[in-house]
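Following: one structure in structure tokens, then a few remarks.
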Amino acid sequence: MSKWIDICAVTDLQADSGVCALVDGKQVAIFYMPKNNAIYAIDNYDPFGKVHVLSRGLIGDIKGEPMVSSPLYKQHFSLKTGQCFEDETVKNDIYAIRIENDRVEISTEG
């Protein structure tokens, strides 16, 4: 059973952009796409630049797969799986996220 952690109100998010939250000591990048009724949570760490910056990346899609582009070296990471599009050996952690009663909740458990 997942342990859901209350993060913020939906109104604290920025549509079609990212924000960073500290959850159980982990930096988590949260992306909210209200037009698609979608919200994603991925580790904020860029394994290529070795810094926590993915929440500042540009979002879009590659062949229909929602992704974030790192603001440093422009690698693309799937928001659904965390997989890097340019290097199949690199994958970021993703987290379960949901909106309940206008609140954003994350589970960092596997």
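The values are calculated or read from the model by the stated rules, or taken from the named source; none is laboratory data. Computed from a prediction, not measured in an experiment: that's the story for all the values here. In this analysis, Cβ positions are derived from the backbone assuming ideal geometry, glycine residues included, and neighbour counts consider all displayed protein chains. SASA here: full protein model, heavy atoms, side chains in, ligands and nucleic acids out. Shrake-Rupley method; radii C 1.70, N 1.55, O 1.52, S 1.80 Å.
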**Message:** Could you check segment 88-110 and list, in sequence order, the residues that are more than 13 Å from the chain's Cα centre (by Cα), in contact (Cβ under 8 Å) with a residue 24 or more places away in the chain and open to solvent by 50 Å² or more (accessible area, probe 1.4 Å)?
**Reply:** Ile99, Glu100, Asp102, Arg103, Glu109
**Prompt:** Which of the residues belonging to segment 57-72 are under 19 Å from Cys20 (Cβ atoms), in a loop (DSSP other than H, G, I, E, B) and either open to solvent by 50 Å² or more (accessible area, probe 1.4 Å) or aliphatic (A, V, I, L, M) (or both)?
**Reply:** Leu72
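Being in contact (Cβ under 8 Å) with a residue 60 or more places away in the chain and open to solvent by less than 80 Å² (accessible area, probe 1.4 Å) narrows it down to one of Ala29, Ala15, Ala9, Ala38, so name that one.
Numbers: Ala29 fails: in contact (Cβ under 8 Å) with a residue 60 or more places away in the chain; Ala15 fails: in contact (Cβ under 8 Å) with a residue 60 or more places away in the chain; Ala38 fails: in contact (Cβ under 8 Å) with a residue 60 or more places away in the chain.
Within the list Ala29, Ala15, Ala9, Ala38, the selection yields Ala9.
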**Request:** Considering each residue of segment 69-85, count those that are within 14 Å of the chain's Cα centre (by Cα) and of a type in the set (A, V, I, L, M, F, W, C), and give that number.
**Result:** 3
**Fill in**
Across segment 73-94, the tally of residues that are of a type outside the set (Phe, Trp, Tyr), over 17 Å from Tyr32 (Cβ atoms) and part of a loop (DSSP other than H, G, I, E, B) stands at 11
**Asked** Would you pick out the residues in segment 41-51 that are among the charged types (D, E, K, R) and either at positive phi or open to solvent by less than 20 Å² (accessible area, probe 1.4 Å) (or both)?
**Response** Asp46, Lys50
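Would you mind stating whether Ala29 is in a strand (DSSP E or B), modelled with pLDDT of 95 or more, farther than 13 Å from Ile99 by Cβ and under 13 Å from the mean Cα position of the chain (by Cα)? Spell out the reasoning first.
Working: in a strand (DSSP E or B): yes; modelled with pLDDT of 95 or more: yes; farther than 13 Å from Ile99 by Cβ: yes; under 13 Å from the mean Cα position of the chain (by Cα): yes.
For Ala29, the condition - in a strand (DSSP E or B), modelled with pLDDT of 95 or more, farther than 13 Å from Ile99 by Cβ and under 13 Å from the mean Cα position of the chain (by Cα) - is met.
Suppose the filter is at pLDDT 95 or above and within 23 Å of Lys3 (Cβ to Cβ); does Ala41 pass it?
The answer is yes for Ala41.
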**Fill in**
Filtering segment 1-21 down to residues that are under 12 Å from Val104 (Cα atoms) and of a type in the set (Ser, Thr, Tyr) yields Thr11
